[in-house]
Amino acid sequence: MIEDDLRAAFARHEPLTPPTGPLRVAIDRLATRRRQLRRRWQAGGTALAVLGVLGIGVPLFTPERAGPPQAADLIGATDRPVATGAVNVLLVGIDNRGSVPPLADSVLLLHIPADRSRPYLVSLPRDLKVPIPGHGTDKLNAAFPFGAGHSPPDLTKGYELTRQTVANLTGVRIDTGVVLTYSSLRTLTNEVGGVPVCLPERVQSVHTRRVFPAACQRLDGAAAVDLLRQRYGLPDGSQGRDRNARIFAAGLVRSASDQGVLTNPVRLAKLLGAVGPDLAVSPGQATMLDLMRLVPTLRSVDPVGLSLPVGDPTGPSRFVQADPKLAPEFLTALREDRLGDWVARHPEQVNPAR
């Protein structure tokens, strides 16, 4: 009898129950959106965190910071608002094993446009003839040792003078930057289990005689450093080295992403703790977390590789000069945040990143 009464009560109230179809659709839509957002955070966070490898990068530590980062630091929040305009990140790769103070082997600018379409990676040739504040005119890579000095060299001051030089050259505001040494590159490569690269041409090391075939291969830390030091014997010299650096950086992003290293705060803290002592940035600028907060706004995290248009090296010092026709147009597009238009007009200037 009680069972019959319950059935009758449910039957009377069933018409009052709202339809479940729209609710299920809304739940499915929300779940799909969250999965997509999580994938963008994972892919973009990985990309931004390892883009500093001689081609693509973000600030990780200041020299004054003591000890490795903690997992809580990497998942914390900040009260600063997310940047809304274009963002420019200066990337300086140095070989700290030879000259003291070290020269800058790679100087690149990561430009994130205001429309957040996709980042642009701009190579600035190390042999470019430029005015260096307080030091006359010299090659771009000389700005770093002029600023760093000796006994021992100060990486932050080397970065700062390089930043001033690049800002004067390009006319854009440099929001933040990073210095990455070959020592940190070796450690980072080994920590992710090696990096796959597919080279378009054979490279033979003038330092170790190692041969890198024109094929796909996986590099450990020592091999990665060896490859990225090579410019002699390449058909286009330093620009060929910049191309190989972009290929390597893309492989590093894929390797770290496949392993999920940078989506796990504990593993990420361990990785950055191992690499951190060899990194330096200018203090008081945007942090890694600030830049990672830009990731969900990007429609693509795959960077477009570009180079400042230059002519052939000239004179005994092998200076390169900015192309008098293309370079002004390129720099205007960079300053006005119109690199997408530049690429559309000059597709032949896009460099492969893998």
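The values are calculated or read from the model by the stated rules, or taken from the named source; none is laboratory data. Bear in mind the structure is a predicted one, so any value in this text is a computation, not a measurement. Here the Cβ positions follow ideal geometry from the backbone for every residue, glycine too, while neighbour counts run over all protein chains shown. These accessible areas exclude ligands, DNA and RNA; they are computed on the full protein's heavy atoms, side chains included. Shrake-Rupley method; radii C 1.70, N 1.55, O 1.52, S 1.80 Å.
Just a few scattered comments:
- Residue pairs whose Cβ atoms lie under 7 Å apart, separated by 6 or more positions or on different chains, with the first residue in the range 146-172 and on the phi > 0 side of the Ramachandran plot and the second part of a loop (DSSP other than H, G, I, E, B) and open to solvent by less than 60 Å² (accessible area, probe 1.4 Å), are Gly149/Pro101.
- Inside the range 323-342, residues that are touching a residue at least 60 places away in the same chain (Cβ under 8 Å), touching a Phe, Trp or Tyr at 6+ places or on another chain (Cβ under 9 Å) and either assigned to a loop (DSSP other than H, G, I, E, B) or aliphatic (A, V, I, L, M) (or both) make up a count of 2.
- Criterion (buried (at least 22 other Cβ atoms within 10 Å of the Cβ) and among the basic types (Lys, Arg)) met by exactly one of Arg186, Arg163, Arg173, Arg126: Arg126
- Some residue of the range 97-118 being assigned to a loop (DSSP other than H, G, I, E, B), among the acidic types (Asp, Glu) and at pLDDT below 90: no
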